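Note sheet for the following structure.
The values are calculated or read from the model by the stated rules, or taken from the named source; none is laboratory data. These numbers come from a predicted model, not from an experiment. Quick reminder, even Gly has a Cβ in these numbers, built from the backbone with ideal geometry, and neighbours come from all protein chains shown. Keep in mind that these areas ignore ligands, DNA and RNA; they rest on the heavy atoms of the full protein, side chains included. Shrake-Rupley method; radii C 1.70, N 1.55, O 1.52, S 1.80 Å.
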Amino acid sequence: AQTKTQKNNTVLPIHSGNKKKQSPKILHLSLILLLLNIVQSLPSVTSLNTTSTTTATTSSSNTCNSTEPKIMSNADKFLKATAVFPEDSLSNKRTYEHPLVERYASKEMSFVWSPAMKFSTWRKLWTALATAEQELGLDITDEQLEQMRSKIFDIDFELAAEKEKEFRHDVMGHVHAFGTQAPAAMPVIHLGATSCYVGDNTDLVQIRDALVLIKRKLVKVLAVLKVFAEKYRDMPTLGYTHYQPAQLTTVGKRCTLWMQDLLMDLERVDHELENLPMRGVKGTTGTQASFLELFDGDHDKVKALNKRVCELMGFKHAISVSGQTYTRKIEFFILSVMSGIAQSAYKMCGDIRLLANLKQVEEPFSKTQIGSSAMAYKRNPMRSERVCSLARYVMGLPDGAANTCANQWFERTLDDSAIRRIILPEAFLATDVILTLLENISDGLHVWPEVVRSHVMAELPFMATENIMMECVKAGGDRQELHEVIRVLSMEAGAVVKGEGKPNDLMERIKTNDKFKAVHDKLDEMVDPKLFVGRAPEQVDEFLEHDINPVLEANKDLLNVESVDAVNV
């Protein structure tokens, strides 16, 4: 038998091709050799003992060192460091901050919807009610009224919170807080009234004051845009329909489109201010039964009370009828006006964003402003984008007001309360930011005349072909023949623009074509962009004179009021 060494050094028998039976001695010898090789491949006893000892030592070492810290990767360290927010960390920043207030809204609008404004107005309403009740004969003393007047702007909010927690009623919490500070008046505070007397009437006071601020800012935006429209009244620019090149207009004329929308919004604001009613004194279900009881059935005194409270609070009239609350349709109308302003602002800033992409018009960009954290060269229209973002939110709010109005059962349900606490302030806060931004953008709009002109001249040759053809016909040319030549030349020029990326050379083609000899010497004059803007400059003048100037004159006092703050972000 022959042998062959394998990878494990085991020698295996390899039988010859001889089919004869091998002798027992040879087989026995082969088996012995095989066993010897197997034994030699096994570790010795000493080696086994050494390995066992080493293993035991290592195990013992691991046991002894089990208290030593495990080597952690940076990823493990990160996960450990961020697993739990430390209880004592950032204690002054652990409550949600509303971005409308903390980041964007003006101090003026924030104040209108602040707790200070809200709860001092409650106290004004209680004092106005007691004053009117005294005038109409109820037994209320001057001392009581004096104590109430002296504490209108001195509110103990901690005490009010404690009382509200005790009574589970916000109005009664403040009644008792007011009474604690004006003890003599405690018996007459809230006399005959229901919670909606202070709640609803205060909402209307805040809406009124917020509308006044919105009006002032609308007027200022119109005043700033007027200057821009006048300056660029006759600068030709490419018009766009379907965002495709169309006939020319002017930069100033396009601005008047923005202004017209905002002017319509101002008219709606004026309408709401003029017609906004106070809820007045109506009682628990709007019947004035409690006040009729106070005045011993004297209907005239109840009506006089309602009128007098409205006068003291600065309203011309109260709503004619109500349930416990005034109709929530009023708020739908108000939020619709805010939505209208948002729509106008979105359209204007959407146009500016598109023009910025074309490098024709850009919003203000400060020297140290960063457009992109990655692309340092960028000049993003971030203020216009912010306007569009906030406007999108405001445009959705009337739906909430509509559903609230529709779902008021009978004289009142409380499911109107929570949503109104959110959508009423936020509609005004966001619209206030939008108008502040519009004024800022309008005041710094930058027009790039050469870029505007380059866009015009890229398309104007096509627009001028009708005029060129008519001049040639006047000189004796054949209209149909000229039309066909212009068609062919226009297709060729268009192929150069689109296929080769070169400038529009249609005018050059016409200059070298004998069919148009009649206009060769005046072709440059015929493609002056100002000949193609129609009445745009005159329309700007007429719009400003007839529509804008009277409004600015009527509201010139508002133009002299300085805003408390401006755009900071």
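Couple of notes before you dig in:
- Flag if E87 is surrounded by 14 or more Cβ atoms within 10 Å (Cβ to Cβ) and over 29 Å from V433 (Cβ atoms): no
- Residue among T249, T256, T287 that is at pLDDT 95 or above, among the polar types (S, T, N, Q) and part of a strand (DSSP E or B): T249
- Meets criteria (loosely packed, with under 14 Cβ neighbours inside 10 Å, modelled with pLDDT under 95 and acidic (D, E)) for D399: no
- Unmet requirement for I140, which otherwise passes all of (1) touching a residue at least 40 places away in the same chain (Cβ under 8 Å); (2) surrounded by 13 or more Cβ atoms within 10 Å (Cβ to Cβ); (3) in a helix (DSSP H, G or I): (3)
- Residues in region 511-540 that are under 22 Å from I486 (Cβ atoms), modelled with pLDDT of 90 or more, assigned to a helix (DSSP H, G or I) and in contact with a helix residue (DSSP H, G or I) (Cβ under 7 Å, 6 or more places away or on another chain): F516, P529, F532.
- Residues in region 221-276 that are touching a strand residue (DSSP E or B) at 6+ places or on another chain (Cβ under 9 Å) and polar (S, T, N, Q): T237, T241, Q247, T249, T250.
- Candidate set: region 411-469, residues that are of a type in the set (D, E, K, R) and closer than 17 Å to G199 by Cβ; chosen: the one least open to solvent (accessible area, probe 1.4 Å): D416
- Top-ranked residue of region 500-521 - restricted to ones that are within 20 Å of V456 (Cα to Cα) and without any contact (Cβ under 8 Å) to a residue 12 or more places away in the chain, ranked as farthest from the chain's Cα centre (by Cα): E508
- Among the residues of region 363-390, the ones that are at pLDDT 95 or above and touching a Lys or Arg at 6+ places or on another chain (Cβ under 9 Å) come to 3 in all.
- Some residue of region 213-228 being free of Cβ contacts under 8 Å to residues at least 12 places away in the same chain and within 29 Å of A418 (Cβ to Cβ): no
- Failed item in (1) part of a loop (DSSP other than H, G, I, E, B); (2) within 24 Å of M264 (Cα to Cα), with V321 passing the rest: (2)
- Taken over region 229-262, the residue count meeting the criterion of being surrounded by fewer than 19 Cβ atoms within 10 Å (Cβ to Cβ) and closer than 27 Å to A554 by Cβ is 5.
- Matching residues in region 475-499 - criterion: being in contact (Cβ under 8 Å) with a residue 12 or more places away in the chain and open to solvent by 60 Å² or more (accessible area, probe 1.4 Å): A475, G476, E481, H483, E492
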